[in-house]
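Just below is one structure, and these are the notes that go with it.
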Amino acid sequence: MLFKTRKIYSYWLKLYRKIAKPERFGIGERIDKLFLELLDLINSSQYSSGTDKILYLEKSIAQIDKIKFFSEIAWENKLMTPREYVELLEGLQNLGKELGGWKKSISIKTSRP
């Protein structure tokens, strides 16, 4: 999971570097910070167990939603091309689905008697 997140973040960095300075230090920096927090949450989830892991996964999923929201604003303001936006969004959606599946799997395991 961490590898996929790092791959998506690497793609984001390529986009981030192309954004003009005023926007890069505004919305671009906000998206970048959200990505870094996401990486930290997923890394922490790998080393936690039970309910702690579920909390990290829930926070990670919420973080992805925030990144998608701010990415949409960046795209609407032409800070990335439609193709770049779609590629970033697809990566985030796939990651969100996998995190949701992981959370569901952990929830089932922890709820067993």
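The values are calculated or read from the model by the stated rules, or taken from the named source; none is laboratory data. For clarity, every value in this text was computed on a predicted model and none was experimentally measured. Reconstructed Cβ throughout: ideal geometry from the backbone, glycine too, with neighbour counts over all protein chains shown.
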Across region 56-93, which residue is nearest to residue 7 (Cα to Cα) among those that are surrounded by 12 or more Cβ atoms within 10 Å (Cβ to Cβ) and among the basic types (Lys, Arg)?
-> 68
With the first residue restricted to region 9-29 and required to be under 15 Å from residue 68 (Cα atoms), and the second required to be part of a helix (DSSP H, G or I) and of a type in the set (A, V, I, L, M), Cβ contacts under 6 Å at 6 or more apart or on different chains are 27/74
Any chance region 17-32 includes a residue that's in a helix (DSSP H, G or I), under 24 Å from residue 101 (Cα atoms) and either modelled with pLDDT of 95 or more or over 12 Å from the mean Cα position of the chain (by Cα) (or both)?
-> no
Scan of region 99-113 for residues that are touching a helix residue (DSSP H, G or I) at 6+ places or on another chain (Cβ under 7 Å) and of a type outside the set (A, V, I, L, M, F, W, C), ordered by number | 100, 103, 107, 110
Would you please name the residue that is nearest to residue 6 (Cα to Cα), looking only at residues in region 94-113 that are loosely packed, with under 13 Cβ neighbours inside 10 Å and touching a residue at least 24 places away in the same chain (Cβ under 8 Å)?
-> 94
